[in-house]
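Notes for the one structure printed next.
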Amino acid sequence: MSEKIGEQSIKFSEPPYIIGAASICGPKEAEGPLARYFDILSEDPTFGKNSWEEGESEMVRQAVLLAIQKANKRKEDIRYIFAGDLLGQLIASTFGVKDMDIPVFGLYGACSTCGESLSLAAMTVAAGYADHVVAATSSHYGSAEKQFRFPLEYGNQRPLSTTWTVTGSGAFVISNQIPDNEGEVCITGITTGKIVDYGVKDSLNMGACMAPAAADVIYQNLTDFKIKPGYYDRIITGDLGKVGKRILLDLLDSNHVDISKEHMDCGIEIFYNKEQDTHSGGSGCGCSAITLAGYILKQMYQGDWKRVLFVPTGALLSTVSFNEGQNIPGIAHAVMLERR
C-alpha cells in the first residue's frame, strides 16, 4: 500500500514508471545548450499552423503521440490524459488532444503544471485506477506574451529580472508496467505544494514570485521523508531563473538547509542566457517539461544521476488579478524520481 508521509507527501510502495517521454521545442530552444536532447526541433514557431495558439496545440498533439509511441503503446491503451498549459480555458491542451478519444483532466498550475500532472498521473496509476496514463504540458512564447504581457509588436523593454517563456511541450507515459531493462526511472513519491504568497506584485520578476513556494515544498519534502539534501543527486526547480535561484538558496539557508551543491534550475540551463538575451533565464510550463523529457531523464537513464527531486514552479496570476493590483502567489510541486 502507498502511504501518506508527513504533512504533504505520499510514498508509493509500488512506484509507477515513466515508460515513455517526448519533447518538442521551438526555434530559440533549438539554439540553446540542451537542443541535442530534444526529440523534435522546429524552425517554425507556428508549427505549420495559422497562429501561435494553434501551433502550441500542434506541439501538444505531437508530444503526446510520440510519448505513446516511445512507450510501445497505442492510444487505446491510455486510460487518462492529465494536461495543462498557460492559456485561457487550456486551449493549447484541449485542442491538441481533442481528436484522440482519450478521457482528459485539464489542469492549471501555471508553470508548475508538469509537476501537478505527473503527481496526479502517478497517484492514479499507483491507486490502481489506470494502467497507463499520459501527463503533458506546454507553453509558447508568442501566445503567453500576448495573453499575460504585451503584444510582441509593441517591442517593450524587458528588465533583467524577466524570464523568457519557453516554446515547447513535454509528454510522459506513466505506467504500472515494470520495464524489463535496468536503469528505468520511476516516481517513488511526491510532495504536493501549498500556495505561498510573499506579497510580490511584479509580473516581470517571476523568480521572486515562485521562489518562496519552491523553498517551502523542498523543505517539506526533506522533512516529511526525514532525509538530507544529499539524498538526491540533483534538486531541480522548474523556472526560477538567476534571480529566483538566489532567493531560493537564501530562504532555505535561513532554515539551515543548504542545497547549493545539488540545485539546478531548468530555466537557467535551457538557454545561453547572455548570447540569447533571455536575461534571468527561461520560464513557462514547457520549460521544466522538455528539460525533464529531454535532458534530465537521459542523465538518469545513463546512470549519471540516481535520485532527482523535480520541482516545477508556478506563479498564479491572470491579467485580471494583475491589473486589479493583486499579489502574485507561487506554487510548486515536488516529484521524486529514481533510477531502478
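May I ask for the distance between the Cα centers of the range 321-337 and the range 226-282, given as a whole number of Å? First find each Cα centre; the distance between them is then 17 Å.
Dipole magnitude for the chain: computed about the Cα centre from +1 point charges on Lys and Arg Cβ and -1 point charges on Asp and Glu Cβ, it is near 420 debye.
Stokes-Einstein diffusion of the range 74-207 at 20 °C, 1.002 mPa s viscosity, Kirkwood radius from Cα pairs, rounded to a whole number: 128 µm²/s. With a bin width of 10 angstrom, please list the P(r) values of the range 172-270 as percents of all Cα-Cα pairs, from the 0 bin to the one holding the largest distance. All Cα pairs considered, the percentages come to 14, 42, 30, 12, 2. Put simply, the C-alpha atoms of the range 1-132 give a gyration tensor, and the ellipsoid matching it has half-axes of 28, 16, 16 Å, longest first. Counting only DSSP H runs of at least 4 residues, each contributing -39500 (n - 2.57), and dividing by the residue count of the chain, the helix-based mean residue ellipticity at 222 nm comes to -8500 deg cm²/dmol.
Separation of the alpha carbons by more than 32 angstrom is noted, of 75/298; 49/261; 146/228; 28/201; 73/146, for 49/261; 146/228; 73/146.
Bear in mind these aren't lab numbers, they're just calculated from the coordinates by the rules spelled out. Quantities reported herein were computed from a predicted structural model and do not represent experimental measurements. FYI the Cβ positions are ideal-geometry reconstructions off the backbone, even for glycines, and counts take in every protein chain you see.
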